[in-house]
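Let me begin by presenting the structure, written as structure tokens, before commenting on it.
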Amino acid sequence: MQTAACSNTPTPRAPQHASVKAVWIGRTLTAFAILFLTFDTALKVLQLPVAIEATQQLGFTARTVFIVGLIEAVCLVLSLVPRTALLGAVLWTGYFGGAIATHIRTESPVFTHTLFPIYIAALVWGGLWLRDQRVRDIVRTAFDATDSRAATHTEAAREHGSEWN
């Protein structure tokens, strides 16, 4: 009688490809985010009065509007190119974090202003998740590694008793 060796290495999973419907939902979510972000970027790059006023209300000078618009434009271009879309999403996430911090600092309304960047980030990341297999693979790998570490810790705790807990 043979016994199977117990291993902590995760069992490799076959890649799960998104359905055509999921890809189109992802494209739609991405399109909504890109449309809003393009509009916002254009307001700032063109230095329209509405962008200057809003920026000044947040405590920044009028001179910063164009610079912020250029930063948005770089993130936008990276997001639009499939090969760099993941990098674009990561950079947008940093940008959104700064926007949230700014709204917290100025005590803006929570649901309409402070959390708005999270709504856009959900569109960016949700769309990317649904349409890009690489993103799903990265997240799956991260969770597999976390599961593996948790299993190793649990097994070690059992072997060594309460000293590991």
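Okay, here's what the table says:
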| quantity | calculated |
| --- | --- |
| Any hit, the range 134-141, residues being over 16 Å from the mean Cα position of the chain (by Cα) and surrounded by fewer than 19 Cβ atoms within 10 Å (Cβ to Cβ) | yes |
| Hits in the range 87-144 (condition: among the hydroxyl-bearing types (Ser, Thr, Tyr) and either in contact with a helix residue (DSSP H, G or I) (Cβ under 7 Å, 6 or more places away or on another chain) or closer than 20 Å to Leu37 by Cα (or both)) | Thr93, Tyr95, Thr102, Ser108, Thr112, Thr114, Tyr119 |
| Exclusive hit being surrounded by 14 or more Cβ atoms within 10 Å (Cβ to Cβ), modelled with pLDDT of 95 or more, of a type in the set (A, V, I, L, M) and assigned to a helix (DSSP H, G or I), set Ala85, Ala101 | Ala85 |
| Which listed residue, of Ala33, Ala122, is touching a Leu at 6+ places or on another chain (Cβ under 9 Å) and exposed (fewer than 15 other Cβ atoms within 10 Å of the Cβ) | Ala122 |
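The values are calculated or read from the model by the stated rules, or taken from the named source; none is laboratory data. All values reported here derive from a predicted model rather than from experimental measurement. Heads up, the Cβs are rebuilt from the backbone with ideal geometry, glycines too, and the neighbour counts pull from every protein chain shown.
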